[in-house]
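The values are calculated or read from the model by the stated rules, or taken from the named source; none is laboratory data. Note that the coordinates shown come from a computational prediction; the quantities given were computed from them, not determined experimentally. Every residue, glycine among them, receives a Cβ derived from its backbone with ideal geometry; neighbour counts consider all protein chains shown. When the accessible area is computed, the model is the full protein with side chains, heavy atoms only, and any ligands, DNA or RNA have been set aside. Shrake-Rupley method; radii C 1.70, N 1.55, O 1.52, S 1.80 Å.
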Amino acid sequence: GKDDNVMEYSVVLKEIPQRYVASLRKTIPSYDKEGMLWEQMMKEIYPQNVQYANPCYSIAVFHDKEHKEHNPDVEIQISVEGSYQNTENVVFKTVPPVLVASATFKGSYDQITAVNQAVVNWSSDNNYDFDGAMFTIYHVSPAQTQNQDELVTEVCFPVKKK
């Protein structure tokens, strides 16, 4: 039979709808320090009693052209309803709809490289070019569970037909 260690990830083409988001973008020491951004955002928007949209689309956008071990440029976004004042680091803005090749996986972030590769392979097999910064949607994030097996993450690469 197949090698049990090789996960099969199913890749889909879909549109992420237009969203109104709270956004915070910074250079962080490394990818695993993304939590700093979420803590800072929550602290800054807390006084405005921000209402989250449903779905809230907790997203991290990776603005560097390639994976960086040090000082990646990362933007986090969460969809909100209502209108709010920008804070020192948080900007409220409308994000246009985007066509993505996406794959959703359950479990630990160790899989992320394999999932990224699956999306990259699918895109080239189907004649799509990448069109913008890759992002992940945290459907079930470490904020919601301590159990890595319960995490649900969607990897999205904006694409356009070649």
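Quick notes on this one:
- The solvent-accessible area of T104, taken with every protein chain present and a 1.4 Å probe, is close to 70 Å².
- Among the trypsin sites (Lys or Arg not before Pro) in region 1-87, those located in a DSSP loop and surrounded by at most 12 other Cβ atoms within 10 Å of their own Cβ are K2, K65.
- Whole-number percent relative contact order across the chain, with pairs defined as alpha carbons under 8 Å at least 6 apart: 29 percent
- To put it simply, the accessible area of region 1-136 at a 1.4 Å probe is 49 percent carbon and sulfur.
- Neighbourhood charge, 10 Å Cβ-Cβ cut-off, centred on S30 and excluding it, Lys, Arg +1 and Asp, Glu -1: -1
- Lysine-lysine proximity count for the chain, Cα under 21 Å, sequence distance 8 or more or distinct chains: 17
- For M36, solvent-accessible area (1.4 Å; no DNA, RNA or ligand), Å²: 100 Å²
- The equivalent ellipsoid that matches the C-alpha gyration tensor of the chain spans semi-axes of 27, 18, 15 angstrom, in descending order.
- On the basis of the beta-carbon distance and an R0 of 30 Å, K43 and K161 show a calculated FRET efficiency of 0.10.
- Efficiency of FRET from Cβ geometry, Q18 and S108, R₀ 22 Å, rounded to 0.05: 0.10
- Surface accessible to a 1.4 Å probe, per residue, for the residues of the chain, Å²: 59 Å²
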